[in-house]
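Here, each number is a calculation from the coordinates, and none is a lab measurement. Because the structure is predicted, anything quoted here is derived from the model rather than measured. Glycine gets a Cβ as well: all are built from the backbone with ideal geometry, and neighbour counts include every protein chain shown.
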Amino acid sequence: MAATVAATYAAKNKAKVLMIEKMAVFGGTSAISNATFAVVGSDLQIQQNIKDDWKIFFDDMEARAAGMNNPELHEVIARRSVDAYNFIKSEGATFENTLSKVGGQSIPRVVSPVTNGEIGIMGPLRKSFLEKYKGTARTRCKADQIIFDENARAIGVQVRTNYRFDPFLYSDDLENTGGTVRYYRATKAIICGTGGYCNDKIMRKNEFPKYKDLVSTQQIGATMSGYKLLLEAGGNMVHSSLVQHSLPLGAILSAKGFMIDPNTGRRFVDELGGGSAVRYNVNVPDLVAKFIQTSGGKYPLAIFDTRTAATL
C-alpha cells in the first residue's frame with residue numbers, strides 16, 4: 001500500500017511516475033488483507049462523538065511496542081494518521097461506518113475499508129494513479145539494482161521485464177534468472193516499497209527460526225528482493241527479526257477471551273501477562289509457536305465472546 005500511496009501522491013503533484021511491480025498483479029499483501037489501520041480525528045470519530053488525541057494513540061503504540069521501537073516515528077504516525085486517511089479517501093478509498101479497538105488501541109479509532117484492502121483502498125488508488133494522474137505502471141518488472149553516478153547520487157534502476165515469479169523455487173531471488181534486463185532513469189527520486197519478507201525461506205530460518213515452519217499470511221511474493229536492493233545500495237535493516245504475528249494475542253482477546261490447548265481444554269498461557277488489554281503479553285507469539293512445534297502442528301483454540309468477535 002505504501003508504494004501505491006506514494007506513487008499516487010507524487011503523480012497528483014505533477015511528477016512523472018513509473019510504478020513497477022515484480023508480481024503479475026499490483027497490491028502485494030495489502031490487496032489480500034483487511035487493511036485496517038488506526039486514525040486519530042477521522043470523520044467517523046467526529047460523527048460518533050469519540051474524543052481522541054494523537055498523544056493517546058502515541059501512548060498506545062508505545063505500550064504495545066514494549067520498548068522495541070522508534071518513538072520519533074511513532075509520533076509521526078500518531079500526528080499524521082488523519083492526513084493519510086483523508087488523502088486516500090480523497091482518491092476514492094471507501095470505509096465501513098464502524099470503528100474498532102484492535103491492535104492495542106484504547107479508544108475506537110481503527111477504520112476498515114469496504115470489503116477488503118483491494119476493493120476499499122488499492123483499487124481506487126490505482127485508478128486515480130492511472131486514469132486521473134496519468135501515471136505509468138508495469139507488472140512482472142523486477143528491480144535488481146539501484147544505479148549511482150560518480151557523486152553517489154541515485155540516478156536510476158536496473159530491472160528485468162517479463163519477469164515471472166516462481167513460487168516453487170526455494171529462493172526465487174537467488175535462483176530465478178528470467179526476464180529481460182532494462183534500465184530506467186530517475187530524474188527526481190526512487191521510492192522503494194519493499195513489502196514484507198515472511199515468505200523468504202532463508203530470511204525466516206535465519207531471523208526468526210521459531211516461526212520458520214508456520215504459515216505466513218503475506219502474499220507469496222513477499223520475499224527479501226526489495227530489502228536486498230536497498231542493502232546492496234548501502235542501506236541497513238533494523239529490528240528485522242520483529243514481525244507482526246497473526247496468532248491470537250492478548251490485545252485482541254482482551255479480558256473477554258482466552259486460548260486453550262485443544263488436547264486438554266486447559267489454558268496454557270497468561271494472554272495479558274498480568275497487564276491491561278492494551279499492555280498484552282509480548283511473549284504470547286513465542287509461546288504459541290512453541291506450542292505448535294511441540295503438539296505435532298496443532299494450533300491452540302482462541303475462545304472469545306460476541307463483543308470481541310465484533311471488533312475483529
Net charge contributed by nearby residues that have their C-beta within less than 14 Å of Ala78 (K/R +1, D/E -1): -3
Calculated from DSSP H runs of 4 or more alone, at -39500 (n - 2.57) each and per residue, what is the 222 nm mean residue ellipticity of the chain, nearest 500? -8000 deg cm²/dmol
Which entries of Lys55/Lys89; Lys89/Lys134; Lys22/Lys188; Lys132/Lys201; Lys16/Lys89 show an alpha-carbon separation above 30 angstrom in the structure shown? Lys132/Lys201
Taking the Cα centre of the chain as the origin, how large is its charge dipole in debye, to the nearest 20, when only Lys and Arg (+1) and Asp and Glu (-1) carry charge on their Cβ atoms? 700
Give the relative contact order (percent, whole number) for the chain; include only Cα pairs under 8 Å separated by 6+ residues. 18
With a bin width of 5 angstrom, please list the P(r) values of region 1-152 as percents of all Cα-Cα pairs, from the 0 bin to the one holding the largest distance. 2, 9, 15, 18, 17, 15, 12, 8, 3, 1, 0, 0
Starting from the Cα gyration tensor of the chain, multiply each eigenvalue by 5, take the square root, and state the resulting semi-axes largest first in whole Å. 35, 26, 18
Kirkwood hydrodynamic radius of region 1-79, from inverse mean 1/r over distinct Cα pairs, in Å: 15.5
